[in-house]
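Peer 1: Have a look at this one before I ask anything.
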Protein chains: 2
Amino acid sequence: MSRIFEFIDTHQERFTQELFDLLRIPSVSTDSALKQDVRKAAEFLAAKLEDAGMENVQIAETPGHPVVMANYLHAGDDKPTVLIYGHYDVQPPDPLDLWTSPPFEPVEKDGKVYARGASDDKGQAYIHVKALEAWLKSGEKLPVNVKIIIEGEEEIGSPNLVPFLEKHKEDLACDMVLVSDTAMFAKDTPSITYGLRGLAYMEMEVFGPNRDLHSGVYGGALTNPLNALCEIVAQLKDENGVIQIPGFYDDVIDLSEEEREASRKLPFDEEGWKASIGIPSVHGEQGYTTLERKSARPTLDMNGMWGGYQGEGAKTVLPAKAGAKISMRLVPNQHPDKISALFADYIEKIKPEGVTVKVTAHHGGHPAMTPIDFYGLKAAGKAYKDVYGKEPLLAREGGSIPIVADFKNVLGVDTILMGFGLNTDAIHSPNEHFSLEDFHRGIKTSARFLEVLPEFEKS
Amino acid sequence: MSRIFEFIDTHQERFTQELFDLLRIPSVSTDSALKQDVRKAAEFLAAKLEDAGMENVQIAETPGHPVVMANYLHAGDDKPTVLIYGHYDVQPPDPLDLWTSPPFEPVEKDGKVYARGASDDKGQAYIHVKALEAWLKSGEKLPVNVKIIIEGEEEIGSPNLVPFLEKHKEDLACDMVLVSDTAMFAKDTPSITYGLRGLAYMEMEVFGPNRDLHSGVYGGALTNPLNALCEIVAQLKDENGVIQIPGFYDDVIDLSEEEREASRKLPFDEEGWKASIGIPSVHGEQGYTTLERKSARPTLDMNGMWGGYQGEGAKTVLPAKAGAKISMRLVPNQHPDKISALFADYIEKIKPEGVTVKVTAHHGGHPAMTPIDFYGLKAAGKAYKDVYGKEPLLAREGGSIPIVADFKNVLGVDTILMGFGLNTDAIHSPNEHFSLEDFHRGIKTSARFLEVLPEFEKS
């Protein structure tokens with residue numbers, strides 16, 4: 001291993017500059033105006049995989065953004081095969097005025113790189129590209145078979161990934177998937193995520209009169225679609241944070257006593273957490289801790305809303321329509337399609353008289369759990385310990401990586417979530433950043449994981 | 001009178017073309033980028049008043065947009081003095097994509113002119129400019145003293161008008177104010193508005209975390225400011241449309257039995273009204289008719305709201321803040337400042353834990369009523385009858401013209417609201433328009449009013 005770690009140390013500065021180059025590409029998958037930039041990011045990664053010595057590198061087309069694929073299959077059929085997954089697309093950077101430096105002009109500050117995608121997921125995905133380079137260029141024999149796919153549609157719900165997995169099912173056959181798209185529990189506190197929430201993301205439009213009306217001439221005699229939207233939303237949760245959609249909790253597997261015990265042992269500083277996001281008090285579902293609420297319980301949050309006059313000053317308008325984006329995080333065994341349907345039914349039932357409501361489901365994702373005795377998880381634990389000097393914690397994560405459930409469904413394998421980010425990385429927010437020290441340690445951890453995996457398979 | 005009406009008929013086409021020129025000026029008072037265009041509208045009107053033969057024409061500065069002033073005081077001190085008021089500023093034209101022709105490129109279609117400000121209030125204000133021209137150019141002696149002011153800040157709440165009236169109190173001394181900024185009850189159904197609602201216009205901002213958060217990583221453990229905003233708004237009215245702000249109704253003078261009788265006689269086609277705005281059912285305060293709800297009862301409506309991601313697709317963000325514009329229409333004797341304070345107090349009381357709320361009052365306006373036995377109202381009735389061939393109806397109007405209360409307070413006089421618009425003119429909406437026939441008949445009605453007023457004063 002020493003030659004590999006030496007290679008990583010020697011090339012640290014170049015690896016960082018390459019990451020900066022990748023971060024300069026505004027690969028916002030939801031913005032159709034940036035389609036060519038999204039492809040540019042794929043081309044960049046394909047070139048780097050080629051340079052690293054990976055084989056069968058290709059930019060595989062999908063009906064949307066392409067998937068970068070490559071493999072290196074020289075360990076022998078008796079050795080485990082790892083499929084590494086990442087995504088090169090990023091969230092939109094808005095609101096732009098809150099960034100202290102432009103989102104696609106990476107800068108280093110206090111040991112961190114600031115840019116959209118730094119942590120989610122370009123920085124974390126690139127860790128594995130460089131770990132592979134270290135193996136293949138240092139002259140050591142890679143003891144496992146490796147396949148890699150890096151997609152460009154994760155931030156829009158990976159609409160083409162399942163068909164892609166199905167189409168390439170044989171090419172992608174593996175013993176496990178390795179993903180770095182999660183956070184460590186805290187700085188210098190490596191963690192392995194064994195549970196993820198799912199997602200049902202809805203859009204709701206409320207229609208009132210056939211045009212914007214003068215609020216004086218008409219006001220008082222008809223249902224205002226903005227007020228109606230608020231009245232609907234106010235009925236989605238009660239004052240104890242309990243979601244009121246009938247049947248919503250039917251399939252929820254509650255936390256086991258063992259899990260609640262483990263959760264209580266996690267070093268969570270609630271006061272520090274509150275201070276870090278500037279809130280005076282926590283709030284959530286009664287009967288659960290803050291950690292449980294944000295990782296192991298289902299939620300309902302508005303992500304956006306709009307209607308009427310949003311400009312400067314006052315406009316006395318009674319608007320024709322209002323809209324909102326509302327998403328629900330799901331836990332095992334909730335099904336996104338079922339939850340979406342329950343949501344739509346409930347809205348139709350509670351909508352005020354005098355308006356019509358249209359509910360549309362955006363992308364959804366299944367929740368997922370990896371068994372904590374899986375040998376891949378144990379190998380990951382060993383790799384973390386060898387690089388970070390401590391055993392990783394086992395935690396559930398509040399975010400969604402729907403593709404983890406997809407890998408289970410299509411490829412029949414579990415996923416190792418080897419996160420190197422931090423929850424303070426401001427992913428999806430202005431001033432997203434990623435620790436360059438963890439970028440460096442991540443490359444070593446990934447490389448070490450590939451080394452120790454065969455031992456754990458045997459044990 | 002015949003020479004004056006002849007003059008009006010002869011110059012009809014020129015009058016219309018002049019109105020089109022005025023409508024081409026995008027005098028949106030709330031848009032600071034259009035400040036020079038607002039002034040251009042004032043300059044246009046000053047020039048036309050000069051051409052008409054009015055005296056002492058000036059563009060009087062204020063801390064905001066200027067007021068156009070002129071007078072013609074040759075009837076003698078024993079004759080009534082009428083102060084004509086109008087406004088040359090207009091509402092913003094958005095949403096632009098719903099206009100079938102550009103808002104500042106007036107076009108004639110089916111006898112109507114389509115443009116922002118066609119009805120509110122450029123078209124109606126210009127009626128009086130042309131009526132004065134007809135008097136002064138036809139060689140007849142104007143039997144009353146006339147003063148005119150046309151301001152440029154009505155759509156932003158006339159913030160500088162009261163100081164202006166106070167400063168020019170002697171110059172503007174009069175026996176009544178004449179305003180055309182209201183609607184007739186229906187086509188060919190002239191109406192005199194004797195009551196107007198007031199306005200309290202509020203902006204509310206709800207602040208949660210100190211930055212936008214990832215809805216998966218954080219969701220479930222803190223109050224979402226968008227959900228909080230909806231929960232607040234849902235508590236502002238109950239299911240019967242009754243406003244829940246404590247003390248809100250304390251100063252409301254309920255409709256008298258006589259007024260309710262008169263209101264029932266108005267030719268209101270509720271089914272046609274519903275169809276015209278495309279709503280399946282009316283909704284409002286229980287115990288009142290649709291007409292009463294939209295003219296003589298106080299209201300609370302959202303005018304705009306915003307927060308989080310409003311773009312294409314899905315963004316899984318838990319936003320840092322949300323905002324809304326909420327206005328209340330007031331009736332005698334509600335006071336806008338008192339209502340604004342009650343609103344702010346109630347919001348502070350009901351706001352959910354975990355968020356802070358900032359409430360700001362935009363402009364307000366007092367409700368107003370003119371005694372129905374005032375001689376000016378009777379003269380206006382006669383003028384309408386002579387031009388339209390029928391007695392005007394007496395109605396209350398749901399909109400606000402706060403300056404009517406200001407005229408009473410500062411100048412001590414009542415206002416005659418001689419409306420020539422229609423409620424279907426789409427004022428404040430896309431495709432605002434104004435009947436050119438009523439523009440023409442309006443000029444005659446205004447001219448006739450100035451003629452018959454002295455007779456009614458004596459009686």
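Peer 1: Residues that are surrounded by fewer than 17 Cβ atoms within 10 Å (Cβ to Cβ), more than 22 Å from B:Ser400 (Cα to Cα), in contact (Cβ under 8 Å) with a residue 12 or more places away in the chain and more than 22 Å from the chain's Cα centre (by Cα): does segment B:65-73 have at least one? Lay out the reasoning, then the answer.
Peer 2: Going residue by residue through segment B:65-73, those that are surrounded by fewer than 17 Cβ atoms within 10 Å (Cβ to Cβ) are B:73.
Right, trim to more than 22 Å from B:Ser400 (Cα to Cα) and you get B:73.
Right, trim to in contact (Cβ under 8 Å) with a residue 12 or more places away in the chain and you get B:73.
Those left that are additionally more than 22 Å from the chain's Cα centre (by Cα): B:73.
Yes.
Peer 1: Assess whether B:Arg329 counts as being out of contact with any helix residue (DSSP H, G or I) (no Cβ under 7 Å at 6 or more places or on another chain), farther than 30 Å from B:Ser215 by Cα and outside any loop (DSSP other than H, G, I, E, B).
Peer 2: On the way: out of contact with any helix residue (DSSP H, G or I) (no Cβ under 7 Å at 6 or more places or on another chain): no; farther than 30 Å from B:Ser215 by Cα: yes; outside any loop (DSSP other than H, G, I, E, B): yes.
Considered against the rule, which asks whether it is out of contact with any helix residue (DSSP H, G or I) (no Cβ under 7 Å at 6 or more places or on another chain), farther than 30 Å from B:Ser215 by Cα and outside any loop (DSSP other than H, G, I, E, B), B:Arg329 comes out as no.
Here is a yes/no grid of residues against (1) out of contact with any Phe, Trp or Tyr (no Cβ under 9 Å at 6 or more places or on another chain); (2) in a loop (DSSP other than H, G, I, E, B):
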site: B:Ala379; (1), (2): no, no
site: B:Lys382; (1), (2): no, no
site: B:Lys390; (1), (2): no, yes
site: B:Ala395; (1), (2): no, no
site: B:Ala405; (1), (2): yes, no
site: B:Val410; (1), (2): yes, no
site: B:Ile416; (1), (2): no, no
site: B:His428; (1), (2): yes, yes
site: B:Ile443; (1), (2): no, no
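Peer 1: Scan segment A:205-221 and give yes if some residue there is in contact (Cβ under 8 Å) with a residue 12 or more places away in the chain, under 20 Å from A:Gly304 (Cβ atoms) and either of a type in the set (S, T, N, Q) or more than 10 Å from every other protein chain (Cβ to nearest Cβ) (or both), otherwise no.
Peer 2: Of all residues in segment A:205-221, those in contact (Cβ under 8 Å) with a residue 12 or more places away in the chain come to A:205-216, A:218-219.
Then keep just the ones that are under 20 Å from A:Gly304 (Cβ atoms); that gives A:205-208.
Going one step further and asking which of them are either of a type in the set (S, T, N, Q) or more than 10 Å from every other protein chain (Cβ to nearest Cβ) (or both), we end up with A:205-206.
Checking segment A:205-221: at least one residue is in contact (Cβ under 8 Å) with a residue 12 or more places away in the chain, under 20 Å from A:Gly304 (Cβ atoms) and either of a type in the set (S, T, N, Q) or more than 10 Å from every other protein chain (Cβ to nearest Cβ) (or both).
Peer 1: Could you check segment B:80-113 and list, in sequence order, the residues that are among the aromatic types (Phe, Trp, Tyr) and buried (at least 24 other Cβ atoms within 10 Å of the Cβ)?
Peer 2: Step one: filter segment B:80-113 for residues among the aromatic types (Phe, Trp, Tyr), giving B:85, B:88, B:99, B:104.
Passing the criteria: B:Tyr85, B:Tyr88.
Peer 1: Exactly one condition in (1) out of contact with any strand residue (DSSP E or B) (no Cβ under 8 Å at 6 or more places or on another chain); (2) more than 7 Å from chain B (Cβ to nearest Cβ); (3) of a type in the set (Lys, Arg) is false for A:Lys358; which is it?
Peer 2: The failed condition is (1).
Peer 1: Take A:Asn227 and decide whether it is in a loop (DSSP other than H, G, I, E, B) and either modelled with pLDDT under 95 or more than 29 Å from A:Leu450 (Cα to Cα) (or both).
Peer 2: No; evaluated as a whole, the condition is false for this residue.
Peer 1: On to the next question. Restricting attention to segment B:44-84, which residues are over 18 Å from B:Glu451 (Cα atoms) and hydroxyl-bearing (Ser, Thr, Tyr)? Before you say what the answer is, go through the steps one by one.
Peer 2: Residues of segment B:44-84 that are over 18 Å from B:Glu451 (Cα atoms), as a first pass: B:44-51, B:55-70.
Correct list: B:Thr62 only.
Peer 1: In segment B:12-45, how many are touching a residue at least 24 places away in the same chain (Cβ under 8 Å) and more than 22 Å from the chain's Cα centre (by Cα)?
Peer 2: Total satisfying the criteria: 4.
Peer 1: Let me ask you something else. I'd like to check something: does segment A:379-394 contain any residue that is within 14 Å of another protein chain (Cβ to nearest Cβ) and within 21 Å of the chain's Cα centre (by Cα)?
Peer 2: Applying the first criterion (within 14 Å of another protein chain (Cβ to nearest Cβ)) to segment A:379-394 yields none.
Within segment A:379-394, none of the residues are within 14 Å of another protein chain (Cβ to nearest Cβ) and within 21 Å of the chain's Cα centre (by Cα).
Peer 1: Still on this model: Return the residues of segment B:409-459 that are among the polar types (S, T, N, Q) and either on the phi < 0 side of the Ramachandran plot or surrounded by 21 or more Cβ atoms within 10 Å (Cβ to Cβ) (or both); say none if nothing qualifies.
Peer 2: First pass over segment B:409-459, keeping only residues among the polar types (S, T, N, Q): B:409, B:415, B:423-424, B:429, B:431, B:435, B:445-446, B:459.
B:Asn409, B:Thr415, B:Asn423, B:Thr424, B:Ser429, B:Ser435, B:Thr445, B:Ser446, B:Ser459, listed by residue number.
Peer 1: Here's something else I'd like to know. Let me spell it out: the conditions are (1) over 30 Å from A:Phe185 (Cβ atoms); (2) at the interface with chain B (Cβ under 7 Å from one of its Cβ atoms), and A:Lys294 meets all of them except one. Which number is the exception?
Peer 2: (1)
Peer 1: Specify which of the listed residues (A:Val282, A:Val317, A:Val331) is more than 9 Å from chain B (Cβ to nearest Cβ) and of a type in the set (A, V, I, L, M, F, W, C). Working first, answer last.
Peer 2: Working: A:Val282 fails: more than 9 Å from chain B (Cβ to nearest Cβ); A:Val317 fails: more than 9 Å from chain B (Cβ to nearest Cβ).
From the options A:Val282, A:Val317, A:Val331, the qualifying one is A:Val331.
Peer 1: Turning to a different aspect of this structure: Please tell me if A:Asp386 is crowded, with 20+ Cβ neighbours inside 10 Å and in a helix (DSSP H, G or I). Can you show your working first?
Peer 2: Working: crowded, with 20+ Cβ neighbours inside 10 Å: no; in a helix (DSSP H, G or I): yes.
No: the conditions fail for A:Asp386.
Peer 1: Okay, moving on. Could you check segment A:168-219 and list, in sequence order, the residues that are under 28 Å from B:Ala314 (Cα atoms) and among the aromatic types (Phe, Trp, Tyr)?
Peer 2: Once the filter is applied, which keeps residues that are under 28 Å from B:Ala314 (Cα atoms) and among the aromatic types (Phe, Trp, Tyr), segment A:168-219 yields A:Phe185, A:Tyr194, A:Tyr201, A:Phe207.
Peer 1: If you don't mind, another one. Out of the residues in segment A:159-207 that are touching a His at 6+ places or on another chain (Cβ under 9 Å) and in a loop (DSSP other than H, G, I, E, B), state the one that is surrounded by the fewest Cβ atoms within 10 Å (Cβ to Cβ).
Peer 2: My answer is A:Pro159.
Peer 1: Looking only at segment B:92-107, count every residue that is in contact (Cβ under 8 Å) with a residue 40 or more places away in the chain, within 12 Å of chain A (Cβ to nearest Cβ) and under 19 Å from the mean Cα position of the chain (by Cα) and tell me the total.
Peer 2: 2
Peer 1: Same structure again: Specify which of the listed residues (B:Gly307, B:Gly354, B:Gly287) is in a loop (DSSP other than H, G, I, E, B), of a type outside the set (Phe, Trp, Tyr) and either assigned by TED's automatic domain parsing to the domain that holds B:Leu226 or at negative phi (or both). Spell out how you get there, then give the answer.
Peer 2: Numbers: B:Gly307 fails: in a loop (DSSP other than H, G, I, E, B); B:Gly287 fails: either assigned by TED's automatic domain parsing to the domain that holds B:Leu226 or at negative phi (or both).
From the options B:Gly307, B:Gly354, B:Gly287, the qualifying one is B:Gly354.
Peer 1: Just one of (1) more than 9 Å from chain A (Cβ to nearest Cβ); (2) assigned to a helix (DSSP H, G or I); (3) touching an Asp or Glu at 6+ places or on another chain (Cβ under 9 Å); (4) acidic (Asp, Glu) trips up B:Glu140, so point out which.
Peer 2: With (1) more than 9 Å from chain A (Cβ to nearest Cβ); (2) assigned to a helix (DSSP H, G or I); (3) touching an Asp or Glu at 6+ places or on another chain (Cβ under 9 Å); (4) acidic (Asp, Glu) applied to B:Glu140, the lone miss is (2).
The values are calculated or read from the model by the stated rules, or taken from the named source; none is laboratory data. Keep in mind the model is a prediction, meaning the values are calculated, not measured. A quick note on method: Cβ atoms are made from the backbone with ideal geometry, for glycine too, and the neighbour counts reach across all protein chains shown.
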